[in-house]
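Here's the structure we're looking at; comments come further down.
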Amino acid sequence: MRIIRGIHNLKQINFNSVISIGNFDGVHLGHRKLLFEVYNMGKKTNLSTIVILFEPQPLEFFKNHNPPKRITTFREKIKYIQLYKIDIVLCIKFNIIFANLSAEQFITQILVKKLNVKFIIIGTDFKFGSQRDGNISLLKKNSKKYKFNVIEVQSLYINNIRASSTNIRRYLSEHNMKLAKLLLGRPFSIIGRVVHGDHIGRTLGYPTANIKLHSNIPINNGVYAVKVNYKHTYFGICNIGVKPSYTNMLKNKILEVHLFDTNINLYHKKIEVLFYKKIRNEYFFESIQKLKEQISKDITIVKKYFHIFNC
């Protein structure tokens, strides 16, 4: 899969294409339904497949002081999209110039002139253009003039719940990991490189692997039952927060995960932490002893959740 960053790096494509457009935040089951249609149409017609993404995501640009929480980073999106054997991901920088591009200009200058679109496959609620007047109807209106086909993919509902990034963010904020997993088609996860911490966990008898977090993660501070993927899958307990029990309380959130029954060295390694259940909120402890006692209780709860019976 080829990744093109920015329209300025996109030369006119000299082949016809099947295209889909969107934020694809989370690459949830609704997105995967759409990507499957793109893959199938590309295979059926022997045309190249292209997915258009935006960075930052449009609402991150327009609401930069209070943007929606992000379910997946750009790299994580790429990881999931490439499972569908997409030929090209075009990542468009969403800035004031692009935001002022009209829907008609987007169709003519990018989809037709630059990408030679023959099939565009999009969701029912897709909107684009400076006035947000670009939609299915406008695409169909232009399709005859510019000789491309529009395929509308209906929203996916699971147990009468629409698979959408908005719903997933809501469930994650409500600590409903089960419903978030249902719509994602997998547990919510955070991928990051392990960094050195203050080694307090080790002194308490619970060494942790630490990942620095961006400020816009969609889950709240607290203690979670997790699994960790690194070559193998490990069970563990994770804390997200700022360590309020210490005088040098952190300014930025950090993820700390303690793996059960293993002593693997993860420093500088990239790991994936999968979230299954929130155990409790993060809160202040008056003493190290009380913190140790609570950690022991938390681990017992997590092991019982995962049916690990050596606790």
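The values are calculated or read from the model by the stated rules, or taken from the named source; none is laboratory data. Please read all numbers here as calculations on a predicted model, not as lab measurements. We place every Cβ from the backbone using ideal geometry, glycine too, and count neighbours over all the protein chains shown.
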Can you find a residue in the range 274-282 that is of a type in the set (Asp, Glu), in contact with a strand residue (DSSP E or B) (Cβ under 6 Å, 6 or more places away or on another chain), surrounded by 12 or more Cβ atoms within 10 Å (Cβ to Cβ) and within 27 Å of Lys79 (Cβ to Cβ)?
no
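Do we have any residue at all in the range 146-159 that's on the phi > 0 side of the Ramachandran plot and in contact with a strand residue (DSSP E or B) (Cβ under 9 Å, 6 or more places away or on another chain)? If you could, list the steps in order and put the result at the bottom.
The first filter runs over the range 146-159 and keeps only residues on the phi > 0 side of the Ramachandran plot, leaving 147, 159.
Next, from what is left, pick out any that are in contact with a strand residue (DSSP E or B) (Cβ under 9 Å, 6 or more places away or on another chain): 147.
Yes; the residues of the range 146-159 include at least one that is on the phi > 0 side of the Ramachandran plot and in contact with a strand residue (DSSP E or B) (Cβ under 9 Å, 6 or more places away or on another chain).
Can you tell me which of Leu204, Leu183, Leu179, Leu172 is under 30 Å from Ser17 (Cα atoms) and either outside the structural domain of Gly30 (by TED's automatic domain parsing) or at pLDDT 95 or above (or both)? Don't jump to the end; show me each part of the working.
On the way: Leu204 fails: under 30 Å from Ser17 (Cα atoms); Leu179 fails: under 30 Å from Ser17 (Cα atoms); Leu172 fails: under 30 Å from Ser17 (Cα atoms).
The match here is Leu183.
Can Phe36 be described as within 21 Å of Asp125 (Cα to Cα) and surrounded by fewer than 17 Cβ atoms within 10 Å (Cβ to Cβ)? Explain how you work it out, then say what you get.
Working: within 21 Å of Asp125 (Cα to Cα): yes; surrounded by fewer than 17 Cβ atoms within 10 Å (Cβ to Cβ): yes.
It is true that Phe36 is within 21 Å of Asp125 (Cα to Cα) and surrounded by fewer than 17 Cβ atoms within 10 Å (Cβ to Cβ).
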Starting from the range 49-60, take each residue that is in contact (Cβ under 8 Å) with a residue 60 or more places away in the chain and farther than 15 Å from Phe128 by Cα and list its partners that are polar (S, T, N, Q) and not in a helix (DSSP H, G or I), counting only C-beta distances under 8 angstrom and pairs at least six apart or across chains.
Ile50/Ser17; Ile50/Ser20
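Any residue at all in the range 285-307 that's in a strand (DSSP E or B) and either at pLDDT below 95 or in the same structural domain as Val257 (by TED's automatic domain parsing) (or both)? Before the answer, list the steps.
Residues of the range 285-307 that are in a strand (DSSP E or B), as a first pass: none.
Looking through the range 285-307, none of the residues is in a strand (DSSP E or B) and either at pLDDT below 95 or in the same structural domain as Val257 (by TED's automatic domain parsing) (or both).
For the range 130-206, which helices (runs of 4 or more DSSP H) that fit wholly inside it have 2 or more residues that are closer than 20 Å to Phe275 by Cβ and in contact (Cβ under 8 Å) with a residue 40 or more places away in the chain? Reasoning before the result, please.
Details: elements: 136-146, 165-173, 177-184, 200-203.
Result: 165-173, 177-184.
Here are Val27, Val38, Val18: which of them is touching a Gly at 6+ places or on another chain (Cβ under 8 Å) and at pLDDT 95 or above? Before you say what the answer is, go through the steps one by one.
Values: Val27 fails: touching a Gly at 6+ places or on another chain (Cβ under 8 Å); Val38 fails: touching a Gly at 6+ places or on another chain (Cβ under 8 Å).
Criteria check complete, one pass: Val18.
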